[in-house]
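The values are calculated or read from the model by the stated rules, or taken from the named source; none is laboratory data. Values in this document were obtained by computation on a predicted structure and should not be read as measured data. In this analysis, Cβ positions are derived from the backbone assuming ideal geometry, glycine residues included, and neighbour counts consider all displayed protein chains. Heavy atoms of the whole protein, side chains included, go into the accessibility calculation; ligands, DNA and RNA do not. Shrake-Rupley method; radii C 1.70, N 1.55, O 1.52, S 1.80 Å.
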Amino acid sequence: MAKALDLAKENLLESSGLDENSIGGVLSSLMVPGVDDAELYFQHSRSESWSLEDGIVKEAGFGVARGVGVRAVAGEKTGFAYSDEIVLPALMDAGAAARAIVQSGGDGQLQAWRKSGRRDLYPEDNPAASMGAPEKVALLRSMDEAARRADARVKQVMVSLSGTHDIVLVAAADGTLTADVRPLVRLNAIVVAEDGGLKERGVSGAGGRFDYNTLLERHDPRELVEEAVRYALLNLEAVPAPAGEMVVVLGPGWPGVLLHEAIGHGLEGDFCRKGTSAFSNRIGERVAAAEVTVVDDGTLPDRRGSLNMDDEGMPTQCTTLIENGVLKGYMQDKLNARLMGAAPTGNGRRQSYAHLPMPRMTNTYMLPGRHDPDEIIRSVDRGIYAANFGGGQVDITSGKFVFSACEAYRIEGGKIAAPVKGVSLVGNGPDVLTRVSLVGNDLKLDDGIGTCGKNGQMVPVGVGQPTMRVDGLTVGGTA
Amino acid sequence: MKTQDFDIAAAREQALSLVAQVLDEAARRNADAAEVSVGRSYGFSATVRMGEVETLEHENDQDFVLTVYFGKRKASVSSSDLRAASVADMVAAACAIAGEVSEDECAGLCDPDDLAAAVADLDLDRPWSLDIAAAVELATECEDSARAAPEIVNSEGASVNTVRALHCYGNSHGFSGGWSGTRHGISCLVVAGDDNGMQRDGWYSLNRYSPRLETPAQVGARAAERAVRRLGARKIASCKAPVLFVPEMARTLFACFVSAVSGPALYRKTTFLQDTLGKRVFPEWLCMDEEPLIPGGLHSAPFDLDGVGTRAHAVVRDGVLDSYVLDSYSARRLGLHTTGNAGGVRNLAVRSNAGGFDDLVAEMGSGLVVTELIGSGINPVTGDYSQGAAGFWVENGALAYPVEEITVAGNLKDMFASVARAGDDVDERASIRCGSLLLPEMTVAGK
């Protein structure tokens, strides 16, 4: 804990001639009468990327984003400004802009700095430094070779490796003074296979909050790229999917995107406070089958969606969203928790210092049930088995959501049959989980590839679930 | 605080001097060539929700992106930190990374002959003399107008925003130039409700000139009308039916077309429109022209991200693909010439062969109107298309009832070849300007 704060102070404050006193002065100038809270969010983010195409690593890049976001909150009102320059005059200007939400002037009271305990879910070192440039190039080349060796029909391989090191410091008028140092890495493969004039692609990836060496220990790069090859070849054989409502069995892991879209967004505190979510005012109601329990857990070690603290400096936690089919709780940031008279849940997140925080998910997943996955497949006479997904989207007000299957099969007579082409599946968030009839005992979290968009802001997230049978989703095929 | 008080001339001078400084530093480190772009933007937005100010956000961005070339090796860096020492560090980092990558035969700046000869003044910079108090007033008026409808039970708010942005670019061919542009918007998102549930929809107006914006009251009223008409939406039975896409959705189909004929998809051979130059992609009546130099145009720009002068040209003529969409690098990969499209298409206009939305609904007789598409069910390699949708069922040439929780599916290649009508209800807010689009048949999945 002390180490993260010291590192952040050195990088973000001292190098800019600032200290606890001067940022206290800025916060104090923000705390005019009527302002409930004021906050400074300092960030220094460094990222690198290496990509291979046509058998060679010909693109590499490095980026820096550094700045400070200044926020004043009064009741439901928020004033916000940011600066790419971390210097006192820019901070004071941004502060003046942010506190314009209230008209009065004069200095207000600050709470004494409160240095909280902190988790230690991931290493603090910059992942970019964990491997030399020649090794990164060699890694990507070896994956290209593995893909081409896997099958002669592979015609194009694109592999990329990226790493980010994010240092953030949050100082708020309520006494919050805390920091976090966040690594995030990602390895991605896209493969195109061609056979008899037909072409298809396959995509796979893995990542998390660790360095490149840990990434390679957890995910064999050869297996990762071979998985992309497998998808591409499978899709070459796929037949058109059917159209209409049918029984759908969802595979374990990344298909948890369904939970993220169908219920996760609808349980974010901002929508629920404003009453614009299909789940508003429904705490205590049955929204899922009795076998269904869903949590949002930001405290899992080194997962892509995990955080030691959220972007408001609040500790992350494991929040139960649905317990045995009953709606239990919402995900909150400080603003919405205060306005709803609830406790913050460590879900206040933002894309960067140039964006406002709001309630966002971390790692959202369903706990395992009692059923063997094979038994679930055997229970279906005719339907679809969606083993893996692309992305999804939801309209939180109507509750209608969609996600795209990228690996799917017909189920015929309790057996997995022909692969079908990628399709969208649509459903209704508030009732889809009531249609869950069987939950598997094979809970799996995704491989660390998820990015969630909300109001134009992107943040890394995780999802997971066991195999699950849904009695009635609309499958958007053409056959 | 007004965007007109932002000293754009001074910002431009600073940005161009940063361009020169970065190019000098790259040369000092023995880069054979380099290019750099510097961006600045300044503005604010005010959001009013349920009659009260919800957020006031100030925008003040700066960044630069540098690419250095050592022979056929290249590397790129970007940063928001413009302190002199940091900039020098970034140039050094770029030069170091370039030494680690492989040679790419096609890497390099654009051909010097393609550089914009002069930076055309397209009259894109028209600041709005609006302060925050006035923005709050307009946003309030907008939301009030939406909430006046009795069915509107809740609101996500109305926003008024104004931004002034500067784009500067220079490269070691000796080119250096910059231009600035404004962008003003009014938007509103509201929730309609009845015993069956809630529906959310909205509307926005966007322009470089504030007098050309729809009035706040018009934006609010249209947002309300769009949310209210969705109430009582139902699921329909699966069927094959004609589908009419409203302009905002039609342009997402043309966006698939643009990426399918763009450089990266072509040289990677990851497009369902591979080798279609000179071939028929759309019906014979369909023409598409890019018009990047329209004065005051929302997506107009005097030069592209390579410094290449943009020019008006046909992309589709009589249904035949007349030009790919290329930047300098992809053109070199394909043995073709750049089309000035580094950064995408700018004001790509689809010519109409029909009247407006109502005429097309009448012509369709019965079928589906799509007003919203969600999801990521588009395969760029095969053109297979399957998206979640909401809209209206049409009977006897008129909207009968709203529908939701359905999908529309087909293959983009077949969909493009079969387009029956493009309406004259052209939406000029996006980089692709088109009206409603009528397709004779798609698969609709529902109950």
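One table, with the values for the structure above:
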{"item": "Derived scalar couplings ³J(HN,Hα) [region B:61-78; Karplus, 6.51 cos²θ - 1.76 cosθ + 1.60; whole Hz; x for Gly, Pro]", "result": "10, 8, 6, 9, 10, 10, 10, 10, 10, 10, x, 9, 9, 9, 8, 10, 9, 9"}
{"item": "Bridge type composition, the protein assembly as shown - antiparallel percent by DSSP, nearest 5", "result": "90 percent"}
{"item": "Dipole axis of region B:289-415 (+1 Lys, Arg; -1 Asp, Glu on Cβ), positive-most option in B:387, B:339, B:407", "result": "B:339"}
{"item": "Per principal axis, descending, Cα span of region A:1-70 in whole Å", "result": "62, 27, 22"}
{"item": "Rg to Rh quotient for region A:110-263, alpha carbon positions, Kirkwood Rh", "result": "1.13"}
{"item": "Extension reserve of the residue B:313-residue B:88 stretch, reckoned as 0.36 nm per residue once the Cα distance is removed", "result": "77.0 nm"}
{"item": "Straight-distance crosslink candidates among lysines, where the alpha carbon sits under 21 Å from residue A:444 and sequence neighbours closer than 8 are dropped", "result": "none"}
{"item": "Stokes-Einstein D (µm²/s) once Rh is taken as the Kirkwood radius of the protein assembly as shown over alpha-carbon pairs, at 20 °C in 1.002 mPa s", "result": "74 µm²/s"}
{"item": "Mean-position separation - Cα centroids, region A:322-365 and region B:58-89, in angstrom", "result": "35 Å"}
{"item": "Net charge, residue A:459 excluded, C-beta distance under 11 Å - Lys, Arg +1, Asp, Glu -1", "result": "+3"}
{"item": "Kirkwood Rh in Å, taken over region B:334-438 so that all alpha-carbon pairs contribute", "result": "15.7 Å"}
{"item": "Semi-axis lengths, Å, region B:233-447, gyration tensor of Cα atoms, sqrt of 5 times eigenvalues", "result": "31, 18, 14"}
{"item": "222 nm mean residue ellipticity, helices alone, for chain A (DSSP H n ≥ 4; -39,500 (n - 2.57); rounded to 500)", "result": "-5500 deg cm²/dmol"}
{"item": "Total accessible area lost when A and B pair, probe 1.4 Å, Å² to nearest 100", "result": "5500 Å²"}
{"item": "Distance from region B:138-195 to region B:274-307 (C-alpha centre basis), Å", "result": "25 Å"}
{"item": "Among beta bridges that DSSP assigns inside chain B, antiparallel share in %, nearest 5", "result": "95 percent"}
{"item": "Contour excess over end-to-end distance, with Cα ends at residue B:217 and residue B:7 and 0.36 nm allotted per residue", "result": "72.4 nm"}
{"item": "Tensor-based shape of chain B (alpha-carbon gyration tensor, a/c under 1.5 rounded, otherwise prolate or oblate)", "result": "oblate"}
{"item": "Where only C-alpha atoms are counted, convex hull volume of chain A per residue in Å³", "result": "142 Å³"}
{"item": "Spin-label model distance (nm) - residue B:118 vs residue B:337, 7 Å beyond Cα toward Cβ", "result": "2.2 nm"}
{"item": "Net charge dipole size for region B:233-447 [Lys, Arg +1 and Asp, Glu -1 on Cβ; Debye, nearest 20]", "result": "680 debye"}
{"item": "Using θ = phi - 60° and Karplus 6.51 cos²θ - 1.76 cosθ + 1.60, couplings along region B:41-47 (whole Hz; Gly, Pro as x)", "result": "9, 8, x, 7, 9, 10, 10"}
{"item": "Protection-proxy order for peptides A:463-476, B:307-320, each taking the mean of Cβ atoms within 10 Å per residue, highest first", "result": "A:463-476, B:307-320"}
{"item": "Part-to-part distance (alpha-carbon centres) for region A:264-299 and region A:125-180, which is given in Å", "result": "33 Å"}
{"item": "Projected area, mean over directions - region A:184-343, Cα convex hull, nm²", "result": "12.8 nm²"}
{"item": "Ratio of Rg to Rh over region B:33-180 (Cα coordinates, Kirkwood Rh, two decimals)", "result": "1.17"}
{"item": "Computed helical MRE - 222 nm, chain B, DSSP H runs ≥ 4 contributing -39500 (n - 2.57), nearest 500", "result": "-7500 deg cm²/dmol"}
{"item": "For residue B:315, distant residues with modelled amide H under 5 Å away", "result": "B:288, B:289, B:290"}
{"item": "Cβ-derived FRET efficiency at R0 56 Å, residue A:145 paired with residue B:209, nearest 0.05", "result": "0.50"}
{"item": "Rounded percent of accessible protein surface that carbon and sulfur make up, region A:53-193, 1.4 Å probe", "result": "49 percent"}
{"item": "Other protein chain Cβ atoms within 10 Å, averaged over every residue that makes up B:193-203", "result": "3"}
{"item": "Debye-sum result for region B:264-346 in log10 I(q)/I(0), which assumes one identical scatterer on each alpha carbon, at q = 0.13, 0.26 Å⁻¹", "result": "-0.42, -1.26"}
{"item": "Net charge over other residues, Cβ less than 11 angstrom from the Cβ of residue A:67 (K, R count +1; D, E count -1)", "result": "-4"}
{"item": "Paramagnetic label zone (point 7 Å from Cα along Cα-to-C-beta, residue B:395; backbone N under 15 Å) in region B:179-215", "result": "none"}
{"item": "Sequence-distant aspartates and glutamates (8 or more away, or on other chains) whose Cα lies within less than 14 Å of residue A:415", "result": "A:374, A:375, A:381"}
{"item": "Net length gained if the chain between residue A:112 and residue A:138 were fully extended (0.36 nm per residue, minus Cα distance)", "result": "4.2 nm"}
